[in-house]
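The values are calculated or read from the model by the stated rules, or taken from the named source; none is laboratory data. Nothing here was measured: the structure is a model prediction, and the numbers come from that model. Methodologically, a virtual Cβ is constructed for each residue, glycine included, from the backbone with ideal geometry; neighbour enumeration extends over all protein chains shown.
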Amino acid sequence: MTRPTVALDGRTMSCGQVRDLARGVASAAVAIQGRERAAAAARIAAEVATRRQVYGRTTGVGANLGQVAAAAAAGHGLRLLRSHAGGGGPIVAAELSRAMLAVRANQIAAGGSGVDPGVLDPLAEAINAGLAVPVPLYGAIGTGDLTALAVTALCLLGERDWLPREGGQPRFALPPADALAFLSSNAATIGEAAIACCDLAELVSAAIVIAALSHYAVAASTEPYAAPVHAARPAGQRAVAAALRVLLADGGRPAARVQDPYGYRALPQVHGPAMDAVAHAEQVVTGELNAAAENPLIDVAAATIWHNGNFHTAYVGLALDAVRAALFQTAALSAARLGTLVEPAFTGLAPFLATDAQPSSGIMILEYVAHSATADIRRLATPAALGSAVLSRGVEEHAGFSTQSARATTDVTSAYRIVLACELVAAVRALRLRRIRPGAPALATAFDVAASALPASTADRPLDFDLQVAQGLLPRFAELAAAA
């Protein structure tokens, strides 16, 4: 099967394309326009550096800024790369390093770095071959992924091997003058953020369908989703309520209660902010993917160079911090709905949806699993932006820790997926036991898809396989939510 091609043009890359390149379901190709922009920036960088000081090209970096003579020496660029390739900890996931390669190539194609455009082809080659950079986990704080990109540069130069080592080894003689220009990027952080945004956009959509199944199982009231209730509310809340109206359009059983617990009654008000937060974060990250956010920035039109602070990714970090806080709220609500599904007062079934002779545990353990995952989301929701650092002899006196925010968001994604899987397994079991099939087409399809995939046995048994299956259904549920 031919993979779709993503053009590295510095203008049109999306978070979804980054994820596809990172996971090997798309191929990268350098666009002619991107190559031309990069070449023009490289010419201007070389020319300007002959008549004025340019940070990293004719000077040292950080607290070594004043060491102009040493910076001009032929070996400075290579020493800079070697000295900055000193990260620590385990190697990051291969897909995260490929996301970094895709982002950095697209940034260079945006035409503001001055890096030799010849580097674009080996970067694309590495992505398409499924190679990875041996990037250590620790080394960046949101003001440039220096260690990760230094290791990447050493792979290009042949001083480090791409992974797997028995794979191809794309090489490029990166000019020494381009060392700082190649490093001056948050490509690893932005790449990880792009993947997290895509995955979470999928999950928050799937969550609406799962919540609707739970709603159906406990005969909750649809009144809270009425259009007049949400007419003057924010976009995410309106979208969630509208989707629920479609998913529950057949009315189901008559409402069992005048007012339901918050897991149903306040669902649009709690899940809506999560959808809005994810959408905002994706918008922010998309802007970063296609920005020449370089320091120094090569201004081709004006044939000059601007020294600046675009290495700081406060927007990305703050947007992701907001995502994790919002996800905790909606994950807690999912766990609360799970609580209603094990309660006879809501389902009319045995406690824990058990069918063996009493005492029987049924799906009791799913509550523990869901709350364990939710606890991790709560722990990881602490804003990374609350930290700071003073580095390089006081010259670099602030950091936003967007790197840590992206990493925490990746971890939250895995935990949130577990929470949703727990609710899905419980909701499908409750509907099966009540012999109820939703009437609205989209929700009926969701139930059929889940019921055909999840084991039918309701005996006391390990449910880990059920959770694995349920997680695999979430992308399909996201599609159904979009159709609704």
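Residues being hydrophobic (A, V, I, L, M, F, W, C) and farther than 23 Å from residue 200 by Cβ: count how many of those fall in the stretch 243-292. Result for the stretch 243-292: 6. Of the residues 114, 118, the single one that is outside any helix (DSSP H, G or I) and assigned by TED's automatic domain parsing to the domain that holds residue 173 is 114. For the stretch 1-59, the tally of residues that are in a strand (DSSP E or B) and out of contact with any Gly (no Cβ under 8 Å at 6 or more places or on another chain) stands at 6. When residue 429 is tested against (1) in contact (Cβ under 8 Å) with a residue 12 or more places away in the chain; (2) surrounded by fewer than 13 Cβ atoms within 10 Å (Cβ to Cβ), just one condition goes unmet, and that condition is (2).
Looking only at residues in the stretch 141-175 that are farther than 17 Å from residue 294 by Cα and among the β-branched types (Val, Ile, Thr), the one that is surrounded by the most Cβ atoms within 10 Å (Cβ to Cβ) is 152. Residue 323 falls short on exactly one of the conditions (1) in a loop (DSSP other than H, G, I, E, B); (2) crowded, with 16+ Cβ neighbours inside 10 Å; (3) among the β-branched types (Val, Ile, Thr), and that condition is (1). Would you check if residue 452 is out of contact with any helix residue (DSSP H, G or I) (no Cβ under 9 Å at 6 or more places or on another chain), part of a helix (DSSP H, G or I), of a type in the set (Ser, Thr, Tyr) and farther than 17 Å from residue 248 by Cβ? Considered against the rule, which asks whether it is out of contact with any helix residue (DSSP H, G or I) (no Cβ under 9 Å at 6 or more places or on another chain), part of a helix (DSSP H, G or I), of a type in the set (Ser, Thr, Tyr) and farther than 17 Å from residue 248 by Cβ, residue 452 comes out as yes.
I'd like to know if the stretch 400-421 contains one or more residues that are assigned by TED's automatic domain parsing to the domain that holds residue 257, of a type in the set (Lys, Arg), under 25 Å from the mean Cα position of the chain (by Cα) and on the phi < 0 side of the Ramachandran plot. There is at least one residue in the stretch 400-421 that is assigned by TED's automatic domain parsing to the domain that holds residue 257, of a type in the set (Lys, Arg), under 25 Å from the mean Cα position of the chain (by Cα) and on the phi < 0 side of the Ramachandran plot.
Being of a type outside the set (A, V, I, L, M), assigned by TED's automatic domain parsing to the domain that holds residue 406, more than 15 Å from residue 429 (Cβ to Cβ) and in a helix (DSSP H, G or I) is not true of residue 388.
In this structure, does residue 355 turn out to be among the β-branched types (Val, Ile, Thr) and not in a helix (DSSP H, G or I)? Yes; evaluated as a whole, the condition is true for this residue. Within the stretch 391-433, if we keep just the residues that are part of a loop (DSSP other than H, G, I, E, B) and not aromatic (Phe, Trp, Tyr), the residue that is modelled with the lowest pLDDT turns out to be 395. Considering only residues in the stretch 280-310 that are in a loop (DSSP other than H, G, I, E, B) and of a type in the set (Gly, Ala, Ser), the one that is nearest to the chain's Cα centre (by Cα) turns out to be 291.
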